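Have a look at the structure below, then the notes.
The values are calculated or read from the model by the stated rules, or taken from the named source; none is laboratory data. All of these numbers come straight from a predicted model, not from anything done at the bench. All Cβ positions, even for glycine, are placed from backbone atoms using ideal geometry, and neighbour counts span all protein chains on display.
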Amino acid sequence: MKIPSLRARLTIWYSLTLAAILLVFNVLFYHALNIVVDRSLTQELRQRFTILNNHVQIRSGVLQIVTNPANRDENYLVQLASRYLQIYRLPEGDLILQSRDLELIGARLTPVQVRQIAKTGEFNDVQIGRERFRFHNAIYPSDEGHTFLVRIGIPLIPAENARAGFLYALFLLSPLGVILAGLMGWNMAGRALHPIKGVAIAARNIDIDQLEQRLPLSGAGDEVDDLVRSFNETLSRLENSVAQMKQFTASISHELRTPLTVLRGESEVALLEKYSVDDYRQLLSSQLEEFEKLSSMVNDLLLLANAEAGDIVLAQRDVDLSELVLSLAEQLEPVANSHGVEIQTDIPANIHICGDASWLERAVLNLIDNAIKFTPHGHISLSLRQDTKQTLLRIEDTGIGISQEALPHIFDRFYRAEQSRSKGTPGVGLGLALVRWIIEKHSGRITVESEPARGTRFTMILPSTSANSTNQGLSKHSRLP
Ligand code: ADP
């Protein structure tokens, strides 16, 4: 079955709810009205009886209704009260007096009925022909041992007609009200959903190559604006991811093309020329270097993919950070020197932290490697400090520095500053993303300060914690930035 539109569903829900509320209210209202009408009828009957009662006299066994002819108001009220009047003698049940109106409709009771009513009570409702009455019954003892049953009535039909008319109007008008409210609901739902329709149309028109587009905010600060804001944020994230992917494809093809072209050229020349065994050896050893570079790049990519998938769990062991940094500085010194760069160290002995030595080594190596790569001449200084809370490792160089525009992005995947790309410095922009991931996995953080043409300082801030307290930080799977 086809699900109706949101607008139709809202209207249906609204109308049904209103119909249910109206039904409940109508029933309650009608019930309340019944009670009120019934009470007021009884009240009226009681008042008429009180008026009549003041004019009843029993003398020598005869019951009379005595009025003062001069008092017109009083006469009128007594007339009104005695319009439906019956007087019976008890216990015989003989009719002594009956008003003309009751006589006309044949309201006379049998003696049995009279005795029955004398026992039952003050009020009773009776159907007489097509009329219905409520009677007030009172017993008067006579001075001669008789008793009288005096009944005055009030017709119920006018009140019942009014009630029926009211009920009819209520149940005729309510569906009309529901239909009207439904039409208004349909209109209001249409208005409320109109901006969402606009968002849907605008969103449908945004293609993968137009991700820089944003949907306009109405400025009302309502739910639709919230939706648009969330959608725009999703677009921003998508735009960033697509830009990163594009940059990655460009970087990776550039990084692969250069060594592959060189390798291919060298092989073609070697095939054409007649080389000596020594020449072949030399060629193969230079090609081996290129192969090593290529495989290290592929390894980085694989590592990144695994880290992204959350497949890597780091060890939590005691690591002698002083020894780790000093040994790396020692290993990299010849490379640095060959670039005209001197490595200075300020590393106190025996600074320990808890973590994964091989991953920490990879992070420090990446930072020192970058410092060497981006420092044409100058020096690199490594310093390590620890207090009870934090362990700080600074890697500072006097290299080309990083521009203010590039600084916020250097930890993004595949990001390379314009300077490093144009100068043909090797790399694909994965190193710092990996460094940050490693440090965050150790519950730490990394900061960078830099000034173009003066140098760059990276600071690794790691917690100075024992092996047990870092368990949580290391076991969490975090995503690469
Ligand atoms: P890669 O080194 O492969 O280019 P990284 O992620 O390690 O990628 O670094 C990203 C970018 O940050 C580099 O391309 C470079 O522009 C900049 N960068 C990193 N370290 C330094 C540094 N010590 N000095 C100057 N620029 C740096």
Condition met for Val448 (near the ligand (Cβ under 6 Å from one of its atoms) and farther than 23 Å from Leu314 by Cα): no
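So that you can scan it fast, the table gives a plain yes or no per residue for (1) within 25 Å of Thr345 (Cα to Cα); (2) outside any helix (DSSP H, G or I):
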| residue | (1), (2) |
| --- | --- |
| Arg385 | yes, yes |
| Leu393 | yes, yes |
| Ser403 | no, yes |
| Arg416 | no, yes |
| Leu434 | yes, no |
| Thr456 | yes, yes |
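Tell me which residues, restricted to the range 127-137, are out of contact with any helix residue (DSSP H, G or I) (no Cβ under 9 Å at 6 or more places or on another chain) and assigned to a loop (DSSP other than H, G, I, E, B).
Restricting attention to the range 127-137, the residues satisfying the condition of being out of contact with any helix residue (DSSP H, G or I) (no Cβ under 9 Å at 6 or more places or on another chain) are 127.
None; the set is empty.
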The range 201-234, residues that are modelled with pLDDT under 85, among the small types (Gly, Ala, Ser) and assigned to a helix (DSSP H, G or I): Ala202, Ala203
Residue list for the range 387-404, restricted to those being of a type outside the set (Ser, Thr, Tyr) and over 15 Å from Val364 (Cβ atoms): Asp387, Lys389, Gln390, Gly399, Ile400, Gly401, Ile402, Gln404
Residue selected from the range 354-400 under the condition out of contact with any Ser or Thr (no Cβ under 9 Å at 6 or more places or on another chain) and within 14 Å of Leu326 (Cβ to Cβ), by the criterion farthest from the ligand (Cβ to nearest atom): Ala357
Sole residue being surrounded by fewer than 16 Cβ atoms within 10 Å (Cβ to Cβ), closer than 30 Å to Ser241 by Cβ and in contact (Cβ under 8 Å) with a residue 24 or more places away in the chain, chosen from Pro408, Pro376, Pro426: Pro426
Single match in Ala32, Ala20 (criterion: closer than 25 Å to Phe133 by Cα and without any contact (Cβ under 8 Å) to a residue 12 or more places away in the chain): Ala32
Filter result for Pro426 (closer than 30 Å to Arg257 by Cα, within 47 Å of the chain's Cα centre (by Cα) and either assigned by TED's automatic domain parsing to the domain that holds Ser241 or within 11 Å of the ligand (Cβ to nearest atom) (or both)): no
Any chance Asn337 is touching a strand residue (DSSP E or B) at 6+ places or on another chain (Cβ under 9 Å), away from the ligand (no atom under 11 Å from the Cβ) and on the phi > 0 side of the Ramachandran plot: no
Yes/no for Gln47 being without any contact (Cβ under 8 Å) to a residue 12 or more places away in the chain and either exposed (fewer than 14 other Cβ atoms within 10 Å of the Cβ) or more than 30 Å from Gly177 (Cα to Cα) (or both): yes
Test: Lys246 is outside any helix (DSSP H, G or I), at negative phi and assigned by TED's automatic domain parsing to the domain that holds Asn299: no
Residue count, the range 312-361 (criterion: assigned to a helix (DSSP H, G or I), of a type in the set (S, T, N, Q) and under 52 Å from the mean Cα position of the chain (by Cα)): 2
Lone unmet requirement of (1) in a loop (DSSP other than H, G, I, E, B); (2) near the ligand (Cβ under 8 Å from one of its atoms) for Asp412: (2)
Of all residues in the range 451-465 being under 14 Å from Arg394 (Cβ atoms) and among the β-branched types (Val, Ile, Thr), the one that is nearest to the ligand (Cβ to nearest atom): Thr456
Residue match in the range 442-453 (condition: surrounded by 14 or more Cβ atoms within 10 Å (Cβ to Cβ) and either aromatic (Phe, Trp, Tyr) or modelled with pLDDT under 75 (or both)): no
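Restricting to the range 63-111, count the residues that are β-branched (Val, Ile, Thr) and in contact (Cβ under 8 Å) with a residue 40 or more places away in the chain.
2
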